[in-house]
Amino acid sequence: MVKMKNLLNGNVWLWERGKFINRRYVIQDLYQRFLDGDEDVLKLPKEEDPFWEPAEDVLIGTANVFLQSLAYALDFDDKITITDFKGNEEGFMFVNVTPCTQNGKALQDEDSFVEDPTELLGKPYHFKVTVRSGEVNKSRYSKGLTVKYKYQNESDYSVSPTIKDTLSPEWNYSRVISIPSVSQDHLDFFESSSIAFQLYGTQVESEADPRLSKLTTKELRQMENMNEQANGLSRRQTGMPGSEPSDEMTQLKSELVLMKRKFERLSKKEARLQDLCKEWFQKPREEQQFEPFLRVVKAVAKYEEEIEEEKKEDLLKGANSVQGNGTVVKTTKDGKKVEGGSRACIVM
């Protein structure tokens with residue numbers, strides 16, 4: 001990509017290399033005509049001027065959201081940094097990605113969390129992407145701010161409304177993405193890929209400052225370089241990240257949030273299992289029925305494989321050895337029963 005900037009009004013364009021090469025040939029041809037005495041090159045209409053380009057939206061920067069949380073049916077809700085192609089911070093935006101129903105209703109049930117992503121294979125899956133709000137650093141982008149993004153191999157961009165006359169836009173733009181049947185490719189994409197949100201700023205043709213119009217291109221360049229150096233010094237003094245590896249930091253932050261959310265869900269599950277055990281041991285001896293208790297525990301723990309009959313018999317024997325007051329009765333090898341102390345139910 002080649003960056004072109006109008007030094008009079010600050011408008012910026014990003015050209016593909018091929019477009020730049022074509023413009024270069026036109027510039028060389030016009031220069032040769034000027035050297036040959038053709039003064040018509042000084043009166044070209046702007047449509048034929050290789051240095052003129054109509055105003056268009058400019059890419060301010062991108063912000064990446066990594067999708068590991070979706071592999072565990074967990075949501076992601078955080079502030080992500082917007083960086084330009086040099087890695088300089090241009091602002092931030094708030095983005096939420098959450099599993100949902102087909103009509104976009106967020107899943108509130110704690111049981112939606114999966115410990116193993118392969119549990120999602122072959123099942124329909126829906127998640128909502130919401131671009132809520134943002135903050136942009138440079139005032140020249142207040143004319144309009146738009147967010148674009150694509151999911152996986154989509155051909156068209158999802159485009160938010162354009163918010164004008166502010167550097168603190170609130171898009172509140174949502175979209176539900178539906179997967180008819182989750183495959184291993186989807187899980188791999190969740191685990192290792194991201195959605196890149198592109199922030200665009202609206203540019204308009206504006207009149208240049210008359211004082212700048214009197215300067216030569218060389219003087220305008222020198223002024224531009226001085227401003228860039230001043231901005232770089234200000235960034236270093238304020239501790240702004242400059243050209244740090246923002247994507248790596250974002251991914252690490254995403255993984256940390258995921259681990260925290262998984263820990264919270266597992267802690268709630270463990271607490272529920274502890275409560276079930278306490279409730280069961282507090283029941284009278286004649287009400288301690290193991291089969292219903294096992295079904296409830298399996299429902300909470302979400303065990304998928306069946307317990308082997310032999311293990312189930314051992315568990316039933318162990319349950320029968322617990323007296324109503326919580327005293328454990330152990331059977332030795334010679335058939336004698338020995339009472340142990342009070343036993344507490346511990347779930348690891």
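The values are calculated or read from the model by the stated rules, or taken from the named source; none is laboratory data. The model shown is predicted, which means the values in this text are computed figures rather than measured ones. Note: ideal-geometry Cβ built from the backbone for every residue, glycine included; neighbour counts use all protein chains shown. Heavy atoms of the whole protein, side chains included, go into the accessibility calculation; ligands, DNA and RNA do not. Shrake-Rupley method; radii C 1.70, N 1.55, O 1.52, S 1.80 Å.
Per the conditions (1) farther than 24 Å from Leu8 by Cα; (2) of a type in the set (Val, Ile, Thr); (3) over 42 Å from the mean Cα position of the chain (by Cα), the sole criterion not satisfied by Ile27 is (1).
Can you find a residue in segment 46-53 that is within 14 Å of the chain's Cα centre (by Cα) and either at pLDDT below 95 or of a type outside the set (S, T, N, Q) (or both)?
Step one: filter segment 46-53 for residues within 14 Å of the chain's Cα centre (by Cα), giving none.
Taking every residue of segment 46-53 in turn, none turns out to be within 14 Å of the chain's Cα centre (by Cα) and either at pLDDT below 95 or of a type outside the set (S, T, N, Q) (or both).
Pro117 meets all of the listed conditions (1) over 30 Å from Ser181 (Cβ atoms); (2) open to solvent by less than 50 Å² (accessible area, probe 1.4 Å) but one, namely (1). Considering (1) under 14 Å from the mean Cα position of the chain (by Cα); (2) under 30 Å from Leu8 (Cβ atoms); (3) not polar (S, T, N, Q), the lone condition that Glu56 does not fulfil carries the number (1).
Rundown of residues vs (1) in contact with a strand residue (DSSP E or B) (Cβ under 6 Å, 6 or more places away or on another chain); (2) within 14 Å of Gly134 (Cβ to Cβ), yes/no style:
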{"position": "Trp52", "(1), (2)": "no, no"}
{"position": "Val58", "(1), (2)": "yes, no"}
{"position": "Asp75", "(1), (2)": "yes, no"}
{"position": "Ile80", "(1), (2)": "yes, yes"}
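Residue by residue, here is whether (1) closer than 21 Å to Asp84 by Cβ; (2) touching a Leu at 6+ places or on another chain (Cβ under 9 Å); (3) at pLDDT below 80; (4) open to solvent by less than 60 Å² (accessible area, probe 1.4 Å) holds:
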| position | (1), (2), (3), (4) |
| --- | --- |
| Leu199 | yes, yes, no, yes |
| Lys214 | no, no, yes, no |
| Asn227 | yes, no, yes, no |
| Gln237 | yes, no, yes, no |
| Thr250 | yes, no, yes, yes |
| Lys269 | no, no, yes, yes |
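Comparison of Val147, Val129 shows that the only residue that is in contact with a Phe, Trp or Tyr (Cβ under 6 Å, 6 or more places away or on another chain) and under 18 Å from Phe66 (Cβ atoms) is Val147. Do you know which residues across segment 155-191 are loosely packed, with under 12 Cβ neighbours inside 10 Å and on the phi > 0 side of the Ramachandran plot? Within segment 155-191, just Asp165 meets the criteria. Phe85 falls short on exactly one of the conditions (1) over 30 Å from Leu266 (Cβ atoms); (2) touching a Ser or Thr at 6+ places or on another chain (Cβ under 9 Å); (3) surrounded by 14 or more Cβ atoms within 10 Å (Cβ to Cβ), and that condition is (3).
Out of segment 5-40, which residues are in a loop (DSSP other than H, G, I, E, B) and either among the basic types (Lys, Arg) or surrounded by fewer than 12 Cβ atoms within 10 Å (Cβ to Cβ) (or both)? Correct list: Glu16, Asp36, Gly37, Asp38.
When segment 288-311 is filtered for residues that are at pLDDT 75 or above, in a helix (DSSP H, G or I) and open to solvent by 100 Å² or more (accessible area, probe 1.4 Å), only Arg295 remains.
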